[in-house]
Amino acid sequence: MLKTSFYDGVTRFDLARSLAGRGRYWTTAYFLDGLLIDSGPAHTAGELVTALEDKPLARLVNTHSHEDHIGANGGLGRAHPGLEILAHPLALPVLAEPRRLQPLQPYRALFWGWPEPSQANPLAEGDWVESECYRLQVIYTPGHSLDHLCLYAPEQGWLFTGDLFVGGQERALREDGDIWGIIASLKRVAALPSSRMFPGSARVRENPKAELRAKIAYLEELGGNVLALHKKGWEVAAIVRALCGKPMWIEPFTLGNFARRHLVLSYLRGDSNNE
């Protein structure tokens, strides 16, 4: 399932596998002036390739190597010979061998599917990705994953955040997530003079600085409460019950890969670096 919307010079593609007639767990790709940012899941690769078949696609930047952001890389590479794929250096091995280096739990295979291999070139902190009309700077933003990056167009004030920013207040985290890294990366992008934020799985935000600051404040307050209870001798399970709300259906569905417990543990793992 694919939905298209437009923001000045940016085309947004919302992508999700259709299950029981509804799109489930949407992810987003953005096209501007020959540049595509992320390519969605494998289950919607054909739809995205068709949507871009008459577009002058020259470059594709993956914000990180999770399967719901790299799924159409292979198909787009075949449809657009000479397409340059770019990603953080840590993402390149996963893009080249996704099945071997990023095995998927059943829920991930169900919702997003197995990406095809693709070859990419590295992007480093401070690099520029240019098109005829736009210049976007690479900002390294680890936390959601070690290979995560954002793109910032200073002339327009556009900020493309991948999965660094999601809406709502987090109560759970992936097992491999780093909550203190997410907070540090949010602070980096919040300091930029941005007029519009294009997230990887949430609605577009106008003048996003206030929402970014509110997200940081919430996560820091939650982390402070986690550490305070831990220092009082509370067990992890008790902290989870006290601070992270009721059990979430997605926890057993993901076989515990996405869980409240992982959020609390991530705060505790990073404690020595944040005292």
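The values are calculated or read from the model by the stated rules, or taken from the named source; none is laboratory data. What you see is a predicted model; the values in this text were computed from it and never measured. Cβ: placed from backbone, ideal geometry, glycine included. Neighbour counts: every protein chain shown.
Answer yes or no: is there a residue in the stretch 70-81 that is surrounded by fewer than 22 Cβ atoms within 10 Å (Cβ to Cβ) and either touching a Gly at 6+ places or on another chain (Cβ under 6 Å) or basic (Lys, Arg) (or both). Yes, the stretch 70-81 has at least one match.
Restricting the stretch 249-269 to residues that are under 25 Å from Pro106 (Cα atoms) and among the charged types (D, E, K, R) leaves a set whose member that is surrounded by the most Cβ atoms within 10 Å (Cβ to Cβ) is Arg260. All of (1) more than 15 Å from the chain's Cα centre (by Cα); (2) crowded, with 24+ Cβ neighbours inside 10 Å; (3) in a loop (DSSP other than H, G, I, E, B) hold for Lys55 with one exception: (2). Number of residues in the stretch 129-152 that are out of contact with any Ser or Thr (no Cβ under 9 Å at 6 or more places or on another chain) and either touching a residue at least 24 places away in the same chain (Cβ under 8 Å) or under 16 Å from Thr63 (Cβ atoms) (or both) equals 9. You will find that of Thr63, Thr27, the residue that is assigned to a strand (DSSP E or B) and farther than 14 Å from Pro117 by Cα is Thr27 and no other. On the basis of being more than 15 Å from the chain's Cα centre (by Cα) and either β-branched (Val, Ile, Thr) or not in a helix (DSSP H, G or I) (or both), does Glu47 make the cut? Considered against the rule, which asks whether it is more than 15 Å from the chain's Cα centre (by Cα) and either β-branched (Val, Ile, Thr) or not in a helix (DSSP H, G or I) (or both), Glu47 comes out as no. If you check Gly23 against the conditions, is it surrounded by fewer than 20 Cβ atoms within 10 Å (Cβ to Cβ), modelled with pLDDT under 95, farther than 22 Å from Leu104 by Cβ and not charged (D, E, K, R)? Criteria not met by Gly23.
From the list Gly162, Gly126, Gly143, Gly113, the one residue that fits, being at positive phi, surrounded by 24 or more Cβ atoms within 10 Å (Cβ to Cβ) and among the small types (Gly, Ala, Ser), is Gly162. Residues that are within 15 Å of His64 (Cα to Cα) and assigned to a helix (DSSP H, G or I) within the stretch 152-184 comprise Gly181, Ile182, listed in sequence order. Of the residues making up the stretch 87-109, those that are more than 16 Å from Asp38 (Cα to Cα) and without any contact (Cβ under 8 Å) to a residue 40 or more places away in the chain are Pro93, Glu97, Arg99, Arg100, Leu101, Gln102, Pro103, Leu104, Ala109.
The test for being touching a helix residue (DSSP H, G or I) at 6+ places or on another chain (Cβ under 7 Å) and without any contact (Cβ under 8 Å) to a residue 60 or more places away in the chain does not hold for Ile179.
Checked against the criterion of being within 23 Å of Ala109 (Cα to Cα), touching a strand residue (DSSP E or B) at 6+ places or on another chain (Cβ under 7 Å) and in contact (Cβ under 8 Å) with a residue 40 or more places away in the chain, the stretch 231-248 has no qualifying residue.
Taking the criterion of being aromatic (Phe, Trp, Tyr) and either under 30 Å from Leu36 (Cβ atoms) or buried (at least 17 other Cβ atoms within 10 Å of the Cβ) (or both), the only residue of the stretch 198-233 that qualifies is Phe198.
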